[in-house]
Amino acid sequence: MSPAEEEKSLPLPERWPRASRFALSACAAAVAELVTFPLDLTKTRLQVQGEAAVHHNGAAGGQAVPYRGMLRTAAGIVREEGLGKLWQGATPAVYRHIVYSGVRMVVYEHLRDSVLGRSEDESFPFWKAVVGGMSAGAIGQFFASPTDLVKVQMQMEGKRKLEGKPLRFRGVHHAFMKILSEGGIRGLWAGWVPNVQRAALVNMGDLTTYDSVKHFLLLNTPLADNSVTHSVASCCSGLVAAVLGTPADVVKTRIMNQPRDKQGRGLLYKSSMDCLIQTVQGEGFMSLYKGFIPTWMRMAPWSLVFWLTYEQIRRICGVSSF
C-alpha cells in the first residue's frame with residue numbers, strides 16, 4: 001500500500017487531527033451554550049443595571065434601574081418579555097462558541113503537546129498551563145469578538161423595547177451588517193481589548209484549572225480517567241474562571257453595549273481602563289462583581305456540560321482523552 005493510500009485509510013481524527021478537534025470542541029460548546037444561555041442573558045442584564053456612566057450622561061433619562069438580583073431579574077425577563085426571551089441572542093452566542101471554543105482548544109493542545117511540551121512523566125507544569133490557557137483564550141476570543149459583540153447587543157434588545165426605544169436589529173445577519181455599516185471593520189471588534197483580557201483570565205481559570213486538576217487526580221489518586229474525574233475537574237475550573245473573569249466581563253459588557261458616534265467611538269468610555277475607573281468610582285469595587293452569582297452558576301454547569309460532552313465525543317470518535 002502506497003503512503004497516499006495508507007493515509008486515506010486512516011480514520012478522520014488521525015488524518016486531520018486539528019480540524020477534528022476543532023469540530024468536536026465546537027459541538028460540545030454549542031450544547032453547553034444552549035443549555036446555560038438563560039443564565040448568560042441574566043448576567044448581562046445585571047451587569048448594565050445601575051450603570052453610573054449612563055446616568056451621568058443623561059442616557060437613562062434620570063431613571064435609575066433597580067438592581068433586582070439574579071432570580072428577580074430572570075423572573076422579570078420572563079414576566080415582562082416572555083419565556084423565549086431568555087434565549088434572545090442565543091444564535092450569535094452559538095456562533096461565537098463555535099469559533100471561540102474551537103480555536104482555544106486547538107491552540108491549547110498544540111501549545112501543550114508541541115510548543116511548551118509536557119514533562120517526562122506526562123504531567124504539564126502549572127506555569128506552562130497558565131501560559132497555554134491565557135494564550136489560547138486570548139487568541140480564540142480575538143477571532144470570535146465580532147460574534148460576541150452581536151450577542152451582547154442583541155441580549156439588550158428586549159430591555160430597549162420595554163423602555164420604549166426602537167429595536168436596533170431584525171436578526172443576527174442584520175446586526176452584523178448594521179454594525180459593519182456604522183463602524184466599519186473596526187466596529188465589529190469594538191471592545192475586543194477587554195474581551196481578550198477577560199478570555200485570557202477565564203481560560204487561565206478554565207483550561208488551566210481543568211487540565212491541572214484532572215492530571216493531578218490521575219497521577220496522585222486512585223481515580224481513573226472517567227466521568228467522575230472529569231466532573232470534579234470541571235467544577236473546580238468553573239469556580240476559578242468565574243472569580244478571575246467576572247470583573248473583566250463587566251467591563252467588556254459595558255463597553256460593548258455603550259452607544260457610539262458615527263466614527264464608532266464610544267460615548268461613555270474611552271477605554272477599558274476608563275470604564276474600570278468610572279465603574280469603581282461611581283458604584284464601588286464590588287460593582288465589578290455584578291452578575292457574579294449567575295456567572296458562576298452558568299460557568300459551573302457550562303464547564304460540566306462542555307467537558308463531559310467533549311471528553312465523551314473524543315472517546316466515541318477515537319480521539320485520545322484531553
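Data overview
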{"item": "Degrees separating the helix 69-81 axis from the principal Cα axis of the chain, which is the longest one", "result": "70 degrees"}
{"item": "Over 22 Å [Cα-Cα, region 241-322], rounded percent", "result": "46 percent"}
{"item": "Heavy-atom accessible area per residue - the chain, 1.4 Å, Å²", "result": "47 Å²"}
{"item": "C-alpha long axis of helix 90-110 to longest principal axis of the chain, angle in °", "result": "40 degrees"}
{"item": "Positive-end residue of M177, F216, V232, charge dipole of the chain with Cβ unit charges", "result": "M177"}
{"item": "Kirkwood Rh and Cα Rg combined as Rg/Rh, the chain", "result": "1.01"}
{"item": "GNM top mover of H215, H97, H173 - the chain, alpha-carbon springs below 10 Å", "result": "H173"}
{"item": "Where Cα atoms sit under 20 Å apart: lysine pairs in the chain separated by 8 or more or lying on different chains", "result": "27"}
{"item": "Positive-pole candidate from S135, Y310, Q153, dipole of the chain, charges at beta carbon", "result": "Q153"}
{"item": "Dipole moment magnitude, nearest 20 debye, region 105-251 about Cα centre, only Lys, Arg, Asp, Glu C-beta charged", "result": "980 debye"}
{"item": "Expected 222 nm ellipticity per residue - DSSP helices of 4 or more, -39500 (n - 2.57), all of the chain, to 500", "result": "-24500 deg cm²/dmol"}
{"item": "Whole-percent carbon and sulfur share, accessible surface of region 172-322, 1.4 Å", "result": "69 percent"}
{"item": "Positive-end residue of W16, G284, L201, charge dipole of the chain with Cβ unit charges", "result": "G284"}
{"item": "Förster radius 45 Å - calculated FRET efficiency between L219 and W16, Cβ distance, rounded to 0.05", "result": "0.90"}
{"item": "Region 132-218 shape via C-alpha gyration tensor axes, a/c threshold 1.5", "result": "prolate"}
{"item": "Inter-label distance, nm, simple model (7 Å from Cα along the C-beta direction), A75/L180", "result": "4.3 nm"}
{"item": "Contact order normalised by residue count of region 199-310, Cα under 8 Å, 6+ apart, percent", "result": "33 percent"}
{"item": "Only Lys, Arg (+1) and Asp, Glu (-1) charged, at Cβ; the chain dipole about Cα centre in debye", "result": "1360 debye"}
{"item": "Lys, Arg +1 and Asp, Glu -1 on Cβ, resulting dipole of region 192-289 about Cα centre, debye, nearest 20", "result": "440 debye"}
{"item": "Translational D in µm²/s for region 192-289 (Stokes-Einstein at 37 °C, 0.692 mPa s, Kirkwood Rh from C-alpha pairs)", "result": "216 µm²/s"}
{"item": "The chain: relative contact order as a whole-number percent, Cα under 8 Å and 6+ apart", "result": "24 percent"}
{"item": "Euclidean distance of C-alpha centroids, region 170-191 and region 195-219, integer Å", "result": "31 Å"}
{"item": "Helix axis angle, 172-188 relative to the chain longest principal axis, alpha carbon, degrees", "result": "90 degrees"}
{"item": "FRET efficiency, 1/(1 + (r/R0)^6) with R0 35 Å, evaluated for E163 and S123 via beta carbons", "result": "0.05"}
{"item": "Among F126, F176, F306: highest mean-square fluctuation, GNM of the chain, C-alpha pairs under 10 Å", "result": "F126"}
{"item": "Residue-level accessible surface for F142, protein heavy atoms, 1.4 Å, Å²", "result": "80 Å²"}
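The values are calculated or read from the model by the stated rules, or taken from the named source; none is laboratory data. Bear in mind that the values here come from a model prediction, so they are computed numbers and not experimental data. Positions of Cβ are generated from backbone atoms using ideal geometry, with glycine treated the same way; all protein chains shown enter the neighbour counts. Accessible surface areas use protein heavy atoms only, side chains included; no ligands, DNA or RNA. Shrake-Rupley method; radii C 1.70, N 1.55, O 1.52, S 1.80 Å.
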